[in-house]
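In what follows, a single structure is set out as structure tokens and then discussed.
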Amino acid sequence: MVKRSGGIVVLQRIGAALDEVKRGTNRTASELALRRLWADVSAIEVQRDSAVSALRAKDESNSAIIGWALLAGVPGAIFLFGWWSILVVVAGFVFGWHPTKLGRLKQTPRLE
């Protein structure tokens with residue numbers, strides 16, 4: 001349909017068709033962006049999971065070293081220094097303990 005008024009010609013059907021093309025293009029671009037973002041999220045989750053696994057493995061090895069040191073060190077300290085060494089061991093726990101070291105890494109929920 002063509003409207004004419006005051007020397008201006010307006011093509012309404014072409015304008016409406018262009019609006020629909022623009023709307024469809026925007027929708028397609030949005031859908032592609034969402035797919036790309038979900039792929040990025042998945043890649044980041046894989047990186048996070050591998051980093052957490054490495055940290056947990058390191059934490060387990062450190063815990064084993066500390067456990068063996070306590071098993072060997074406490075009886076050795078009692079043998080060498082007497083029962084007063086128990087106070088030294090307890091003081092080491094009290095002053096060497098950090099709340100951030102005590103907590104385990106928690107599994108974060110996956111985004112679906």
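Data table
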| read-out | value |
| --- | --- |
| V41 among the aliphatic types (A, V, I, L, M), out of contact with any Cys (no Cβ under 7 Å at 6 or more places or on another chain) and at pLDDT below 80 | no |
| Considering residues of region 71-93 that are of a type in the set (F, W, Y) and at pLDDT 80 or above only, the residue surrounded by the most Cβ atoms within 10 Å (Cβ to Cβ) | F81 |
| Test result for R56, among the basic types (K, R), at pLDDT 85 or above and in a helix (DSSP H, G or I) | no |
| Region 52-80, residues that are aliphatic (A, V, I, L, M) and under 20 Å from G92 (Cα atoms) | A64, I65, I66, A69, L70, L71, A72, V74, A77, I78, L80 |
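The values are calculated or read from the model by the stated rules, or taken from the named source; none is laboratory data. The shown structure was predicted, so the numbers you read here are calculated from the model rather than taken from an experiment. Every residue, glycine among them, receives a Cβ derived from its backbone with ideal geometry; neighbour counts consider all protein chains shown.
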